[in-house]
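Here is the structure we will look at, set down as structure tokens.
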Amino acid sequence: MTATTTNPTTYRTATPASMFLGWDYLELWVGNARTYAGFLMSAFGFECVAYAGPETGVADRASYLLEQGAIRFLVTGAMHPDSPIASHVRAHGDGVHDLAITVSDAAACYEAALERGAVGLRPPVVVDDDSGKLVLATIATYGDTQHTFVERHAYSGLFMPHFTADRLPPRPVGPEVGLVKIDHAVANVEKGALDQWVGFYERILGFDQLVHFDDETISTEYSALMSTVVWDGSKVVLPINEPADGKKKSQIQEYLDFYGCPGVQHIAQRTEDIVTTVAALRARGVRFLTVPPAYYDDVKVRLAELDLPWDKLQDLGILIDKDQDGYLLQIFTENVTDRPTVFFEIIQREGAKGFGAGNFKALFEAIEREQDRRGNL
Ligand code: FE2
């Protein structure tokens, strides 16, 4: 693929995106990895498949690798107050630190990114054990967030060196959730910074723009935002939001105030059967944003041609939207952190390639009700 806003002759090498193979893992830096991992297991149905910590030769941190379908969350906490993980938690609360991507050649990816202007955080390093070797390299992106390039074709082990399946917390009892993969991971950036970060993904990583929503599309009576979705042309889809002016504070600004800088706002996870998934999540105690009954009165008329289990969708609070390619079903959790920062989206796509633009207004009004309850609107 090619970048849309640059002259390809400027660069000697292939774009980093042309070497991307998909999501590897998303790493959360949290105050207490054991409890946060337990929460994702009991509430969201993840299974802990690997652990690394002092007992396995990693002195400064504890990491739990959680898996469901193709989704991998690495939940990491610090052992000492002077750890960068502890500083990150003090500044941002629990949050997403690393959006790691599997690549065919981590060193080439890193070199291409730096040549195009990326800030390098970790030059390519080889890590190995009896199961083979991986190459890891890391660049900075928005805020304190980073992208690690993971080259793992020569590694047959569990996850990475020092990870073991010996010390895993048991799987909590609960209905199957059925999440299958990451659909998209959304960034919130400061007002006026959207174009800069879209440019970063285009020029430095070789992404393309998928779609742009202006503040007319995404506004309510009180607040507004703008959003541009960039992607690598395949699996890595990154919507980027910035706040826009409204009568009151944008929900994006509330995020920025509490996270302290740009960062990951929500992670959308795909299911093939959202009714079963959301019923399971609700049974496990997950709380979702609620939409008013009027939303269903409206959507049943607006999308009357769709043959859907409307009563079940309304009971579970699932939203529906349609584009030229098909329809999608989606729902948003309340924040999964104490600070009003990170939340999850559950999405089922039946052809539709969009992001639920038809739901934005109903959704954002629901978010604003919560924002108002926190006294931040
Ligand atoms: Fe989303």
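The values are calculated or read from the model by the stated rules, or taken from the named source; none is laboratory data. All figures in this text were calculated on a predicted structure; none of them were measured in a lab. Neighbour counts are summed over all protein chains in view; Cβ atoms, including those assigned to glycine, are modelled from backbone coordinates with ideal geometry.
Residue-wise test of (1) more than 13 Å from the ligand (Cβ to nearest atom); (2) farther than 30 Å from Val230 by Cβ.
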site: Ile274; (1), (2): yes, no
site: Ala283; (1), (2): yes, yes
site: Gln330; (1), (2): no, no
site: Phe344; (1), (2): no, no
site: Phe364; (1), (2): no, no
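A single member of Phe213, Phe207 is aromatic (Phe, Trp, Tyr) and within 14 Å of the ligand (Cβ to nearest atom), and it is Phe213. Does Gly356 satisfy being within 16 Å of the ligand (Cβ to nearest atom) and either modelled with pLDDT under 95 or closer than 20 Å to Gln253 by Cα (or both)? Considered against the rule, which asks whether it is within 16 Å of the ligand (Cβ to nearest atom) and either modelled with pLDDT under 95 or closer than 20 Å to Gln253 by Cα (or both), Gly356 comes out as yes.
I'm checking my understanding of the structure. Among residues of the range 316-328 that are within 13 Å of the ligand (Cβ to nearest atom) and either not charged (D, E, K, R) or not assigned by TED's automatic domain parsing to the domain that holds Gln269 (or both), which one is farthest from Leu377 (Cα to Cα)? Applying the filter and picking the extreme gives Leu328. Starting from the range 49-70, keep only residues that are surrounded by 14 or more Cβ atoms within 10 Å (Cβ to Cβ) and at pLDDT 95 or above, then list their pairs with residues that are of a type in the set (Val, Ile, Thr) and not in a strand (DSSP E or B) whose Cβ atoms are within a distance under 7 Å, requiring at least 6 positions of separation or different chains. Cβ pairs passing all conditions: Ala52/Val58; Arg61/Ile85; Gln68/Val177. Restricting attention to the range 239-259, does a residue exist that is within 16 Å of the ligand (Cβ to nearest atom), within 17 Å of Lys353 (Cβ to Cβ) and under 22 Å from the mean Cα position of the chain (by Cα)? Checked the range 239-259: at least one residue is within 16 Å of the ligand (Cβ to nearest atom), within 17 Å of Lys353 (Cβ to Cβ) and under 22 Å from the mean Cα position of the chain (by Cα).
Answer yes or no: is there a residue in the range 200-209 that is in contact with a Lys or Arg (Cβ under 9 Å, 6 or more places away or on another chain), at pLDDT below 90 and either among the basic types (Lys, Arg) or in a strand (DSSP E or B) (or both). Within the range 200-209 (the criterion being in contact with a Lys or Arg (Cβ under 9 Å, 6 or more places away or on another chain), at pLDDT below 90 and either among the basic types (Lys, Arg) or in a strand (DSSP E or B) (or both)), the answer is no, since none of the residues qualifies. Scanning the range 147-196 for residues that are touching a Phe, Trp or Tyr at 6+ places or on another chain (Cβ under 7 Å) and either within 16 Å of the ligand (Cβ to nearest atom) or over 30 Å from Gly285 (Cβ atoms) (or both) yields Phe149, Ile182, Ala187, Asn188, Val189.
Going residue by residue through the range 117-137, is there one that turns out to be in contact with a Gly (Cβ under 9 Å, 6 or more places away or on another chain), among the charged types (D, E, K, R) and farther than 16 Å from Pro161 by Cα? No. Scanning the range 40-72 for residues that are in contact with an Asp or Glu (Cβ under 9 Å, 6 or more places away or on another chain), over 22 Å from Val236 (Cα atoms) and part of a loop (DSSP other than H, G, I, E, B) turns up just one, Gly45.
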